[in-house]
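Below is one structure, written out as structure tokens; comments come after it.
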Amino acid sequence: MIPYGKQDINQADIDAVLEVLKSDFLTQGPMVPRFEQSIAQHVGANYALAVNSATSALHIACLALGLGEGDWLWTTPVTFVASANCGLYCGAKVDFVDIDPQTYNLCPVALKKKLEQAKQEDRLPKVVVAVHLCGQPCNMEAIGTLAKEYGFKVIEDASHAIGGKYQDEFIGNCRYSDITVFSFHPVKIVTTAEGGMAVTNDARLAEKMNLLRSHGITRDPALMTHEPDGPWYYQQVDLGFNYRMTELQAALGVSQMQRLDAFVARRHELAERYNHLLADLPVVLPWQHPDSYSGLHLYVIRLKLDCISRTHRKVFESLRAQGIGVNLHYIPVHTQPYYELMGFKPESFPQSMAYYWEAISLPMFQGLTDDQQDEVVSALRNALAGE
Ligand SMILES: *Cc1c(COP(=O)(O)O)cnc(C)c1O
């Protein structure tokens, strides 16, 4: 089976992890700050906080932004459930904004419309999570403008987007957002096995997230309620969690970061090959915004169902049967049973549903060979032709 995504581990990665295993610190040593620095530097943000997953990063980002009971978090239905769940963790309510049918990202026009209505009903969101689906950046300039106008905070869920650019700047510099979050799950662009990062330019948000990732405990006298009792002293000044990243993970991350640009470049080569090889097929190819450089975590096609005699499901099943590990990103979150119970109807977000019934993620990862890619394309031809 050719998977849809796969990590790229080389000898340098292995050596880096082994080195940590032989060192004094398996956690809370020098590698985590080094990894944070490498990310902050690469994306152009002032502060980076490594955590054990992007889900944890989203949670502490929401808390740092003051999200709580009675507040609303809005995001796109076409994302992994974590982009929405982080609001529920904080006791907030979650709502969605439909996608733009061209970019598959949260639609700024739909957002504006919903904001106008919410303003009248006095239920404006406190936080909007903008997800850069497949690595293609959202229209952050428009979202940033709306954030100022309507007074909400913005988190970029850039789990798919490290190494990508928006308006010629790396995603993660938080020019139009308060906090950006990255994931290092093995299917993502760079990996630490499990792992995530929150980056920000705001010192107070960074300090708050730093506390929250480790029990709300500080050793910094400036953050304590009184002078330390002695050299052993620490204080718990907030209710935090154990969301820390290990040294093993951070060492892997530092090593992977050296190849980030090469990873994304290879993904672009593969995308161009797909674009060329699939040009004559009854599928919609991923649209790329001219003002962006996608991280290309995913390569999603949409079937032109009017032009083929097979169903979406049959095409998908045929690809799997031919050994192609295609996937579907994502089942719209509002249709999940847990969210259905909150009263969402599938038809509440028609663009997201239309996408769901046509989308297929083809294999896309740095280690995919041209030969394997040809195999994927020929399997897709068969699947569409009904063989
Ligand atoms: C993978 C992913 C997450 C969660 O990442 P973890 O590191 O596995 O917690 C969140 N949002 C999106 C869009 C993702 O793809």
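The values are calculated or read from the model by the stated rules, or taken from the named source; none is laboratory data. Because the structure is a prediction, the values reported are computed rather than measured. All Cβ positions, glycine included, derive from the backbone under ideal geometry; neighbour counts span all protein chains shown. Quick note on the areas: whole protein, heavy atoms, side chains included, nothing else; ligands and nucleic acids left out. Shrake-Rupley method; radii C 1.70, N 1.55, O 1.52, S 1.80 Å.
Scanning the stretch 161-195 for residues that are under 17 Å from residue 256 (Cβ atoms), open to solvent by 10 Å² or more (accessible area, probe 1.4 Å) and in a loop (DSSP other than H, G, I, E, B) turns up 185, 186, 187, 188, 193, 194. Taking the stretch 97-138 as the range and being buried (at least 18 other Cβ atoms within 10 Å of the Cβ) and of a type in the set (Val, Ile, Thr) as the test, the residues that pass are 97, 99, 103, 127, 128, 129, 131. Number of residues in the stretch 268-297 that are in contact (Cβ under 8 Å) with a residue 60 or more places away in the chain, farther than 17 Å from residue 100 by Cα and open to solvent by less than 50 Å² (accessible area, probe 1.4 Å): the value is 11. For residue 254, indicate whether it is open to solvent by less than 10 Å² (accessible area, probe 1.4 Å) and at pLDDT 95 or above. Judged against the criteria, residue 254 is not a match.
Pairing residues of the stretch 21-32 that are open to solvent by 100 Å² or more (accessible area, probe 1.4 Å) with residues that are of a type outside the set (Asp, Glu), at Cβ distances under 9 Å and at least 6 apart in sequence or on separate chains, gives 25/31; 28/214; 28/244; 28/246.
Of all residue pairs spaced 6 or more apart or on separate chains, those with beta-carbon atoms under 6 Å, a first member in the stretch 47-74 that is aromatic (Phe, Trp, Tyr) and open to solvent by 10 Å² or more (accessible area, probe 1.4 Å) and a second member that is part of a helix (DSSP H, G or I) and at pLDDT 95 or above are 47/206. The set of residues from the stretch 311-359 being more than 28 Å from residue 87 (Cα to Cα) and crowded, with 16+ Cβ neighbours inside 10 Å comprises 312, 315, 316, 318, 319, 322, 324, 325, 326, 358.
Pick from 142, 130: which is part of a helix (DSSP H, G or I) and either among the aliphatic types (A, V, I, L, M) or in contact with a Gly (Cβ under 9 Å, 6 or more places away or on another chain) (or both)?
After applying the criteria, what remains is 142.
In the condition set (1) buried (at least 18 other Cβ atoms within 10 Å of the Cβ); (2) farther than 17 Å from residue 200 by Cβ; (3) away from the ligand (no atom under 16 Å from the Cβ), residue 43 is compliant with all but (2). Among the conditions (1) part of a helix (DSSP H, G or I); (2) within 30 Å of residue 223 (Cα to Cα), the only one that residue 256 does not satisfy is (2). Just wondering, is there one or more residues in the stretch 155-166 that are assigned by TED's automatic domain parsing to the domain that holds residue 60, within 12 Å of the ligand (Cβ to nearest atom) and β-branched (Val, Ile, Thr)? Taking every residue of the stretch 155-166 in turn, at least one turns out to be assigned by TED's automatic domain parsing to the domain that holds residue 60, within 12 Å of the ligand (Cβ to nearest atom) and β-branched (Val, Ile, Thr).
Restrict the check to the stretch 52-64 and report whether at least one residue is assigned by TED's automatic domain parsing to the domain that holds residue 163, touching a His at 6+ places or on another chain (Cβ under 9 Å), closer than 15 Å to residue 183 by Cβ and not in a helix (DSSP H, G or I). Within the stretch 52-64 (the criterion being assigned by TED's automatic domain parsing to the domain that holds residue 163, touching a His at 6+ places or on another chain (Cβ under 9 Å), closer than 15 Å to residue 183 by Cβ and not in a helix (DSSP H, G or I)), the answer is yes, since at least one residue qualifies.
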